[in-house]
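Chemist: Before we start, here is the structure in question, set down as structure tokens.
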Amino acid sequence: MKGFKTRLRDGLLIIAITGWTFVGAAIAQETIRVGLMDLNATDSFRCQSAQGNYEWVLPDGQKLGPLKGMPTVTSHNGGFQISSVEFPEPLPYVILQPVSIDARLRIVTSAVGYRQYPGALHFVHVDDIPQFIMESTLEDYLPGVLATEVGKGHAMSFYAAHAMISRTYATKSMGRHRMAGFDLCDQVHCQVFDGTSTVNDTLQRGCQSTRSLILVDRLGRAATTAFHSNCGGKTWAGSDVWSDQLPYLQSVDDAACADAPHARWSQTVPRQEWDEFWSLHEADSMQGLLTARKRYGWPSASFQINPDSLRPDVYKVVGSGFGHGVGLCQEGAMQRALSGATAWEILQHYYNGVRLSKSDQL
Ligand SMILES: [Zn+2]
Ligand SMILES: [Zn+2]
């Protein structure tokens, strides 16, 4: 297809911005483009409207007709063929664009099964490889992030706190994958996002109750909202683990996570190997703890090495916590929410001195 320029001279991928999110909305909402890496290189899948209506559109705005039934989309000869759309040759770039603001799209593939996405879905062939990019409002994307990252069954103030963390991260990271044509990927590299099919009312209300709110530092810049599963009783300062000296990432005590699933762990390590390793790192013990965690794949850098009375050739390693230990402790925050803490009380405990701001006021 002539006229579908998907690349600039410098290799930057151009993604058509559909602008649909602003149609009919009283207030303009921030748009986010998410690279759906789980779907990449998918050769064939089926799609269907789960809610509202969609239409097939080319990047120049030409409409190819409504999405009807559950057509099959096949990647073929450098483009896409859609079973319900007649076109003389495969389309290198086509968009499923929502007609209504609350539309949701259902995708079924053999690789990932069933996924549901808000907003528009861009189908793009880049170097003959099919790629998929979701374009939605930031607020429609967030519940899917929380559903994937923290799951169901939590108190609403925990969801509200985590929504502000994840919204801050997304705002701060906009354009991280600009050269690939989207803002964030859907993997752990950015924020894990498996769509919105498992979003429930409590989670949705937690996100909506903090709409547009992000955490900023004293200078009004989006904060680095680090978080982890369990701190083991005390969080680490950011400067302990990374080189950054951020005033709001200080070490704080946390009794709330003491009985949580990831509070304790144990391992063994060969005695001679450990003695040799530690003799090289003892002089710089914090760095030694971090290096040991990385080398042995331990859940955290908080641990004690004890003799094993039954096995003289190994040490027992008794550890606490799970993750890097900086910022918000998720299991502590979950418990605080169950005990009645508000979202803001939770955030103030783990991020000392941050303020709230609107994401559009940065
Ligand atoms: Zn990423
Ligand atoms: Zn904790």
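Chemist: Among the residues of the range 251-299, write down those that are surrounded by fewer than 16 Cβ atoms within 10 Å (Cβ to Cβ) and of a type in the set (Lys, Arg).
Modeler: LYS294, ARG295
Chemist: Looking at SER136, SER84, SER100, SER110, which one is modelled with pLDDT under 95 and under 27 Å from GLU30 (Cα atoms)?
Modeler: Answer to the check: SER100.
Chemist: Related question: For GLY220, state whether it is buried (at least 23 other Cβ atoms within 10 Å of the Cβ), part of a loop (DSSP other than H, G, I, E, B) and either assigned by TED's automatic domain parsing to the domain that holds LEU289 or in contact with a Lys or Arg (Cβ under 9 Å, 6 or more places away or on another chain) (or both).
Modeler: no
Chemist: Tell me whether the range 316-339 contains one or more residues that are away from ligand 2 (no atom under 15 Å from the Cβ), at pLDDT 95 or above and in contact with an Asp or Glu (Cβ under 8 Å, 6 or more places away or on another chain).
Modeler: Yes: one or more hits.
Chemist: Can I ask one more? Take the residues in the range 174-206 that are of a type outside the set (D, E, K, R) and in a helix (DSSP H, G or I), then tell me which one is farthest from GLU30 (Cα to Cα).
Modeler: THR202
Chemist: Looking at the range 171-197 only, could you name the residues that are in contact with a Gly (Cβ under 8 Å, 6 or more places away or on another chain) and more than 11 Å from ligand 1 (Cβ to nearest atom)?
Modeler: Within the range 171-197, MET179, GLY181, ASP194, GLY195, THR196 meet the criteria.
Chemist: May I pose another question? From the list PHE123, PHE80, PHE158, pick out the single residue that is in contact (Cβ under 8 Å) with a residue 12 or more places away in the chain and in contact with a helix residue (DSSP H, G or I) (Cβ under 6 Å, 6 or more places away or on another chain).
Modeler: So the residue among PHE123, PHE80, PHE158 that is in contact (Cβ under 8 Å) with a residue 12 or more places away in the chain and in contact with a helix residue (DSSP H, G or I) (Cβ under 6 Å, 6 or more places away or on another chain) is PHE158.
Chemist: Within the range 181-235, can you find the residues that are within 16 Å of ligand 2 (Cβ to nearest atom) and hydroxyl-bearing (Ser, Thr, Tyr)?
Modeler: Selection gives THR225, SER229, THR235.
Chemist: Could you please let me know if ILE101 is β-branched (Val, Ile, Thr) and either assigned to a strand (DSSP E or B) or in contact with a helix residue (DSSP H, G or I) (Cβ under 6 Å, 6 or more places away or on another chain) (or both)?
Modeler: No.
The values are calculated or read from the model by the stated rules, or taken from the named source; none is laboratory data. Owing to the predicted nature of the structure, the values given are computational and were not obtained by experimental measurement. With ideal geometry, Cβ positions are generated from the backbone for all residues, glycine too; neighbour counts draw on all protein chains shown.
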